[in-house]
Structure formats: C-alpha cells, structure tokens
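Only one structure is covered here, and it is reproduced in the block below.
We did not get these values from a lab; they are worked out from the coordinates using the rules stated. All figures in this text were calculated on a predicted structure; none of them were measured in a lab. Backbone-built Cβ (ideal geometry, glycine too); neighbour counts: all protein chains shown.
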Amino acid sequence: MIALAIAPDLMEEALLLAEPGAERDRAAAFRRERNAIYDLRDPEARDAQFHAFNLRWFARFGLQTRVEEIVNERAGFTTRLCGARIVRAITRAEEGADLVDPASRAQKTAGPLLVLRLRPQSLLDRGALQALLRHELMHVADMLDPAFGYERALPASDGGPSADNLLRDRYRVVWDATIDGRLDRAGYGSPAVRDARAREFGAAFAMLGEAGRTSFDAWWNEDRPTHAAMAAFAAGPVHAAASRCPVCRFPVASLDDRVRAIEPPVAAAIREENPSWRSEQGLCSQCLDLYEARYGTASDRVCHY
Amino acid sequence: MATVKNWQLGRDMEYPYDARYPSRQFAFVFNINRCIACQSCTMACKSTWTFNKGQEHMWWANVETKPYGGYPKWWDAKILERLEDANPGGQVWGGTPADGRFGPYGKFDGQTIFEAGAKTLTPDSARVLGYLPTDEEWNAPNIYEDNPVGKKGVRNKLDETGEQLPVHNTWFFYLARICNHCSYPACLAACPRKAIYKRPEDGIVLLDQSECRGYRKCVEACPYKKSMYRGNTRTSEKCIACYPRVEGTDPESEGIPMETRCMSACIGQIRMQGLVNVAEDGTWAEDRHHPLYYLVHVAKVALPLYPQFGTQPNGYYIPPRWVSRPYLRQMFGPGVDKAIENYVNPSRELLAVLQLFRRSNRIIFKYDIKEGPKIYEGMLHGRKVELYNDTVIAFGKDGRELFRTTVEEPVHVRSNAHANSI
Amino acid sequence: MPYDEPEFDDPHELLGVELPGDETVTYDMAAAFAEEFAQLGYTRPQILALFRKAEYAGAHQAWTLLGEDTIARLVDESVNVWGRFTCVVTDGADEAGAEHAQPLRFFRR
C-alpha cells in the first residue's frame, strides 16, 4: 500500500461536484455539516475545519477508496516510489501520470515521486477514472522497469520542429497501443478502445498502407515493448515518407484520401492558385478542408451558434 | 412560479418570485462600434475589486473577441445550445415591434432559461436552466484572442512585432461585459439561501457574503456567467456595480452619483451608465430627456444582450455595424437592423446625445439641447452628414448642470497632400 | 487556438469552416473605427497609429489586409468631416448658483 496525498483543492472541488449527485439525505447531511463551518470567525480555524471536513467526506463519498483501489492494483512498482501525490489538473490534456525527483536529498534514495494530475470531475466517474488511471499507471510501470529502458528524450530528427512533433506523436501512439493491448489481455479492455487505438495508429502511420494493420496488431500484442524499439519504429517511417503537401509545402504524415472524390470546382480552384498541381499528387487534410470550405458545395453555409 | 412582465420579450413570463421593481434601475449603454479591446475597463475593475488571493480567475468586467472568445469560454454558445436542446427549433421571435415601451422588438415565442428550466429540470436540482463552467473554461478572460503572446517557448516576453497574433480573416468584434444587474436575475432566483438581493433604490444586484454558503447555484444559473466562486473564502462573488460610487458615498464622488470604475476608465469612450426611472409595471418610465431612455426607447440604437434568456438584462449595446446580421440578431434580438440603420444615419438629436459619452464621470440624469445653426453639410463614406452648432447640456441628480458640450467654429483642416501634414 | 493541438470537443475549432467575411467586411470595420475615432477628436496621426499597432488586433488586421493607402484614405475622409470642429466641454459650476466655470477640456482640435 502506498500513501496517497491528495491536493486539498482537488478534494474540495470533487466533493462540491459530487454533492448534487448524492442521495438526498446524505447531501443534506453534507450541507448541514459544511454550512456550520462558515460560522467560525477565525479564518485559520475555519480553514482547518474545512480541511478536516473534506478529508472526512472524501472518504464518506467513497472517493478515497476509489482512487486507492486503482493505484494499489499496481502493488508491484509502488515500493519503488517515495510517495504518490494527486494534484488538480485544469484541462483534460493535462491529466496523466508522471515521475518526478523528490525535492529533498534524503528522499532521493527512496525513488521518484509519483504525481497524478486529475480534473475534479474525473474523480466522479468510476469507470472513466479506472480506465484513465490504469492506462497512466502502465506508463509509469514501463518507466520504472529497467528492461523497458525509458529515456526522457527521443532522438532529434533532422527535419526540424514539425518532424520532431510527428516523431513524438508516433512514439506516443505506439506506446499507447502496447499499453491498451496489455490492459486488454489483463481483462481491462474494450473493443471500443481497440478500435480507437487502431484508428489513431492508422492515421499516424498512414504511409504504411495496408501493412499498418499488421504493425498495429504486432504492437497491440507486444507484451514486452522497449523504449528503443518503439522509438526506432516511430522514427523509421518518417524518413521513408518525408512527404510534403504539394500545395502548402508543410511536411505531413500523409496526404488526404478524400482527394479522390474531390468536387470539380474545388479542384479547379486549387489548380487556379497552384497551376502545377495535379490531383494525383494529392494534398494534405488542412488544405483540402480549406478549399472545400471556400469552394465546395457546403461553402455557403453560414456558421453561427 | 409567478408570472411577470418582460418588456424586452413583449410578453408575460414565468419567474420563481413575484415581480418587485426598484424605483430606479442601474443601466448602461456600450457602443461596440468604438471598442478596440484596450481592456482598460477590465483592469480598472480588477485593480479595484478583484486583486486579492482567491480572485485570480475573477474578471467581473471583461472584453471578449466575438465570435471566438468568451469568458468563461463558450458561455453563450453553451447556454444557447442548452436552450435549443430544451426547445428544438422553437427559440424564435414573432409578433410585430410595438411603438410603446413594452415589446419594442416584437414577441419572443421561445423559452427563457426559467421556462426551459421548469420544463426540463427536476424540481430539486435547480430552478433555472444553466451549467457550471469547468476550471478550464474560467482559466482566461479571452484565451488565445488578441493577446500578444510571445513566440512559442519564450516565456514572459511579448512578441516584439506582434506577428504571433492570431489572425481572423473574417468579421469579428469586441464585446465588453459586466453583470447586467438584471430585472429578473437568474442568480437571485437560483440561490437556495436567498443570499442575493436586488436593491430597491437602484436595482443593483448584490450577493450577501455573510449569507452565502458556496452552493454555486448562482454560478450555474447566471446565463451571462457573471457570478463567480472564490475557492479560499468558499463563497461566490459578483460585480457590485461600484455601488459606493453610484450612491455618491465613495469619498471621491463628494456626494454626487458617479459612474462605475469600468465606465470611467473607458478610453474608447464607448460607455455611458446611469439610473433610469422604473414604472410600476417594470418598464422604463417615460423620461424623454434621459440619455439612456433616449438611446434605448427613442432612437432605439441600443439593445439588450441576449434578451431571449429572459432575465431582462440592463446592459444595452449599440451593435457593431459591420457584423453579420444573423449573428447580431441572435445576440441582440430582432431590433438589430433598425438599430444599425438609425446609428449609421444619426438624427441631429442622436449626434448630440452621443456627445455625452464620457465627458464626465458624474451620472447624467437628464440632458437638454440648445439648437444652433447648421455648420456643415457633406458626404462621408457614401452617406450625407449634416452638423449643427448645437449645445448639449448634461444635468445631475439634483438638477444641477454637470457640463455642456458645444461644437465650435469650423477650423481649417490642412490637406493631407502636404508633406508636413502628419 | 492557433498555438496548440486542436481540441476536438472544442466547438470553436473552425477546421474546414469559414465564417462569412472578406475584404468588404474588413473595410467596413476599418471605416467604422476611423469614423468613430475621428468623432472622438483623435487626429490623423493618432488614428493611423491605432491601425499600425499590432496590439489593436482588429484595426491592425484591417491595416495589414487593406494596406496603408486605403486606411489613410479612410482616415482622411473621416478627419475631413469630423476634424473640422472643435468640441468644447465646459464643466458645470461646483456650487449651486455660482457662475459657470471656464472651459476646462478640449477634446477636438
């Protein structure tokens, strides 16, 4: 068992969001008890009471157990950590797990600190929380596993920042596929997750064409992925493809398939502005979207709320 | 639910409390055509009322770039969407605009947030259709819009040439907002503690901090999202309309009613705030020479913001003349076309009243015009312009003259063809 | 929006959607700003400075899109009408019954 320190602001916000969904009597008791603390005049005493109240009700609403159960499924690696902390995330994109070095020298020998970032509303939905935390904790387990060989930075590509972004994105897609594949085999998966990962993989490695499906299956079924293998796979196709959109000249992962069904006025508009362009050359999704919006049959749509 | 009269909607409407009207109502007109989003109002408010710990996310006054921005993010899109879900296809205006002060924009045939709430919400959960914005949505007053941020990866430094600014290749405009001190406040209706009240003397809506227990029902209910929760005091707070200034009890006001900080700070001179007389039925009492009455009910150039929400907001806007009409009609109701027509071809009186904006920080209760001779006639941007040497005089609460504005003798304008004309 | 990855649940992600608007709309906006600020008593260089400064994104975009010449013409037209007049504001007397104060502030030149 690892002790979880939950940030007070996260705890309080989660409770306020949980209260309207609680059964009537319980919600009324929550409010009665909470309202009484407002009568305390001394701000420090009041804050202390609110904190104690939050701890009590975080447990009473079952939120403490909910998080602990999921984290302790990973009993295998928690001994390598000096502690675990959950802090408040503002956006969905910020949510996740990370390992940080503890601030004090004494703690450094006890291993890194696990920091989980969660939005308050994520604590309320048990199913979604399980899915999110299991996935994130698998990342952490890999990072702590010497056999995985995790390194913080990926090798720099020579294609500039946009190529670096592509590489990082592809690496993430591969890693996510192996994680959800392993979770699936452990009985925590769902066909929807597999489909979503397959789509994501297909988009990130569109240059592989049909072979992409086989590659995805291989990564999905990989039980012992390593950082080095995933980084190499992610980097490989970058050089193979190295394509640029013939219209905007930005490097892109893949050109858009929809160009085959492009409307004649849209194609004509592209040719007018890019005389050397031929539809067989294709173009990127952004350019296609732009020209379809301007010159396609749907371009006269007025967009307001 | 009681039945109350909503003059902006031209019909009776359901509201959780019986109608009770103040003798005077805090109201304001913002001329969007002049707003350049300098954010002086925003900062004037911030530096006066919300600079303390726990108020970091709070902007009682803000200016957002429409149609992209919003504070909190997507506030209007979200509430419009909820109303549309509650009453699909039914959120429309009908009827014909009335000549009088009741129903000047026709009749709203859709559902207000109170009516939609009564139909779609279970009685216990809320009395008003609304939503609680997330942390992320409160996170910035105008995120990604017009903020001259530095280059990506460079912190604490603005971009020197501004070329990192986002570019909108279409119409957009700046919408300055504060609490509308509504006649039928949604925040007041939703508060389970009755901690929110409307002052009988000026209609300012205040939230009693000692009564608030942080239920946040007001935050959820206010369709304009101008009630905000403060984490460290665990109470909600909102714009107080700088009431000591409006009362004349602020030391700076020397006993004379003064406009709020956000109004006074406006360098674009887009703002005028005042107190209008309210009739027994809740409409504005006839007050022909009150500048706000004139702009809203006579010239009909200033319109309420999202009147269809049903709170009868007391903030009025002269709509931007270059913006897509369907969008403006959705935001300000069907009075938009007439408002723009009247503003673009201003009457002699309207030109005079527009001269009253920001000439003084005292609240104007009445104006008078002394007519003078015609001094110019010409064309500008395809329209005929006539100017008169009129004097417009502004009077304060006690009937004393605050100031007068006169157009003086023509001055010679050098041709720009001269090299030294800049 | 322009700085980071798109968020697909963001209703304002405008991928592939355009709002109606073109140079005419920008021209109308620029004309409105020129006229409004000329009415406020700003001078030609002051109004032009507003358009030239990147911080005032609305006005500046119009300047970028339409060019200095067009903007200068709009400003000249507006100043030619509204800049002809001096608008004098005289504060009322502080005490009831007292004489008018002298004009205190000049808004237009």
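Other chains' Cβ within 10 Å of C:44-57 residues: what's the mean?
Values: counts 5, 2, 0, 0, 1, 0, 3, 0, 0, 3, 10, 9, 6, 14.
What the average comes to for C:44-57 is 4.
How many times 2.2 N^0.38 Å is the alpha carbon radius of gyration of segment B:12-97?
Its radius of gyration relative to the 2.2 N^0.38 Å reference: 1.48.
Are any of the pairs B:Lys198/B:Lys226; B:Lys370/B:Lys397; B:Lys226/C:Lys53 more than 24 Å apart by Cα-Cα distance, and if so, which?
Result: B:Lys226/C:Lys53 exceed 24 Å.
Return the inverse of the average 1/r over all pairs of distinct C-alpha atoms in chain A, which is the Kirkwood hydrodynamic radius, in Å to one decimal.
23.2
Counting DSSP beta bridges with both partners in segment A:4-144, what percentage is antiparallel, nearest 5?
35
What dipole magnitude, in Debye to the nearest 20, does chain A give about its Cα centre under +1 on Lys/Arg Cβ and -1 on Asp/Glu Cβ? Don't jump to the answer; show the numbers that get you there.
Working: 40 positive and 44 negative charges, 86 e Å.
The dipole of chain A has a size of about 420 debye.
In degrees from 0 to 90, rounded to the nearest 10, what is the angle of the helix B:40-49 Cα long axis to the longest principal axis of chain B?
50
With everything on Cα atoms, drop me the angle between helix A:24-37 and the longest principal axis of chain A, reported from 0 to 90° to the nearest 10.
70
As an exercise, find the ratio Rg/Rh for segment B:279-422 from alpha-carbon atoms, using the Kirkwood inverse-distance average for Rh.
So for segment B:279-422, dividing Rg by the Kirkwood Rh gives 1.03.
Taking neighbour counts of Cβ atoms within 10 Å as a proxy for exposure, in what order, fewest first, do A:Arg152, B:Arg348 appear?
A:Arg152, B:Arg348
How many percent of the alpha carbon pairs in segment A:142-211 exceed a separation of 13 Å?
Everything past 13 Å amounts to 71 percent.
What number do you get for chain B when its Cα radius of gyration is normalised by 2.2 N^0.38 Å, N = residues?
Rounded to two decimals, the normalised Rg is 1.00.
Give the average, rounded to an integer, of partner chain Cβ atoms located within 10 angstrom of each Cβ in B:192-200.
Numbers: counts 1, 1, 0, 0, 0, 0, 0, 0, 0.
Mean number of neighbouring Cβ atoms from other chains: 0.
With +1 on the Cβ of every Lys and Arg and -1 on the Cβ of every Asp and Glu, and nothing else charged, how large is the dipole of segment A:160-241 about its Cα centre, in debye rounded to the nearest 20?
The dipole of segment A:160-241 has a size of about 60 debye.
Work out the mean other chain Cβ neighbour count within 10 Å for the residues of A:43-51 and drop it here as an integer.
The shielding value for this peptide is 1.
For segment A:160-241, what does the relative contact order come out to in percent, with C-alpha contacts under 8 Å and a separation of six or more? The partial results should precede the final answer.
Working: 66 pairs, mean separation 34.9, N = 82.
Value for segment A:160-241: 43 percent.
Using unit Cβ charges (K, R positive; D, E negative) and no other charged atoms, how large, in debye to the nearest 20, is the dipole of the protein assembly as shown about its Cα centre? Walk me through the intermediate numbers first.
Details: 102 positive and 113 negative charges, 235 e Å.
Around 1120 debye, computed over the protein assembly as shown.
Efficiency by 1/(1 + (r/R0)^6): what FRET value for B:Lys119 and B:Arg20, r their Cβ-Cβ distance, R0 = 25 Å, to the nearest 0.05?
0.50
Write down the radius of gyration of the protein assembly as shown and its Dmax, each obtained from C-alpha positions, in Å.
Rg, Dmax (Cα atoms, Å): 30.6, 94.
For segment A:183-242, what percent of Cα pairs sit more than 13 Å apart?
Cα-Cα pairs of segment A:183-242 separated by over 13 Å account for 66 percent.
Report, in deg cm²/dmol and to the nearest 500, the calculated mean residue ellipticity at 222 nm for chain B, where each DSSP H run with n ≥ 4 adds -39500 (n - 2.57) and the sum is divided by the residue count.
Rounded to the nearest 500, the figure is -4500 deg cm²/dmol.
Express in nm, to one decimal, how much length is gained between A:Asp195 and A:Arg41 on full extension, taking 0.36 nm for each residue of separation and deducting their alpha carbon distance.
Full extension from A:Asp195 to A:Arg41 adds 49.8 nm.
Arranged by the count of other C-beta atoms within 10 angstrom, fewest first, what order do C:Glu36, B:Glu371 take?
Values: C:Glu36 23, B:Glu371 12.
By the 10 Å Cβ count, ascending, the order reads B:Glu371, C:Glu36.
Counting Lys and Arg as +1 and Asp and Glu as -1, what is the net charge of the other residues whose Cβ lies under 14 Å from the Cβ of B:Phe395?
+3
R0 = 60 Å: FRET efficiency of A:Arg92 with A:Arg271, Cβ-based, nearest 0.05?
0.90
Which residues' amide hydrogens lie under 5 Å from the amide hydrogen of B:Tyr376, considering only partners 5 or more residues apart or on another chain, with H built in the peptide plane?
B:Leu387
Taking N as the number of residues in segment A:178-298, what value does Rg over Cα atoms divided by 2.2 N^0.38 Å take? Could you put the intermediate results ahead of the total?
Working: Rg = 18.1 Å, N = 121, 2.2 N^0.38 = 13.6 Å.
Relative to the 2.2 N^0.38 Å estimate, segment A:178-298 comes out at 1.33.
Among B:His297, B:His289, what is the fewest-to-most ranking by other Cβ atoms within 10 Å?
The most exposed by this proxy come first: B:His289, B:His297.
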